[in-house]
Amino acid sequence: MQLIIIRGNSGSGKSTIAKRIQQYLGEGVMLIGQDEVRRQMLNVHDRPGNLAIQLIEEIVTYGINHCNYVILEGILNKYKYGTMLNNFFEKPNVNVHVYYFDLSFQETVRRHHTKQQTDFDENAMSKWFVPQDTLNIQGEICITESMSEDYIINMILKDIGVL
């Protein structure tokens, strides 16, 4: 079972990468978006201990038990979600792959402006931006500004043994 965790600041490209990986892998691949759980399902603020943390963990656990691939994507700030994310490394028979979009604020804003529809602006992004929010775990891969979308997709697919 492969668990792919894609983290980073708002607007960095996480959702795009996660959706493309899901499409490539095909049917039965669970994609969990932090925003969908936190904002749409529960309508809670992104604070430490918010209700979404436990629900995300339960949904991922369901996916681990029933799917070959689970993709979790979101900001997943280390301070708020780090304990939950680290719990996945202790699950038997789960290969956890963690990718962090380590981009400058300027690049994150640039990428955000390429989206057709957004519900937040550069001012809001500046309040949320947390630089270098890596989990500091072995095997975590930082995605940099120089990596293209196709390069990132191929890297992840190679890491999970598909390519």
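How about the stretch 96-114: which of its residues are in contact (Cβ under 8 Å) with a residue 24 or more places away in the chain, outside any helix (DSSP H, G or I) and among the hydroxyl-bearing types (Ser, Thr, Tyr)? Selection gives 99, 100, 104. Looking at the structure I just gave you, is residue 55 more than 24 Å from residue 115 (Cβ to Cβ), crowded, with 16+ Cβ neighbours inside 10 Å and in contact with a Leu (Cβ under 9 Å, 6 or more places away or on another chain)? The answer is yes for residue 55. Of all residues in the stretch 42-56, those that are of a type outside the set (Ser, Thr, Tyr) have Cβ atoms under 7 Å from Cβ atoms of residues that are loosely packed, with under 11 Cβ neighbours inside 10 Å, 6 or more apart or on another chain, in 48/79.
Looking across the stretch 119-163, the residues that are part of a loop (DSSP other than H, G, I, E, B), free of Cβ contacts under 8 Å to residues at least 24 places away in the same chain and surrounded by 11 or more Cβ atoms within 10 Å (Cβ to Cβ) come down to 121, 147, 163.
Matching residues to (1) within 17 Å of the chain's Cα centre (by Cα); (2) closer than 14 Å to residue 6 by Cβ:
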site	(1), (2)
29	yes, yes
34	yes, yes
65	no, no
68	no, no
90	no, no
95	yes, no
108	yes, no
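Residues that are outside any helix (DSSP H, G or I) and among the charged types (D, E, K, R) within the stretch 1-46 comprise 7, 27, 46, listed in sequence order.
Since every read-out is calculated from the coordinates, none of them should be taken as a lab result. Model, not experiment: these values are computed from the prediction. Every residue, glycine among them, receives a Cβ derived from its backbone with ideal geometry; neighbour counts consider all protein chains shown.
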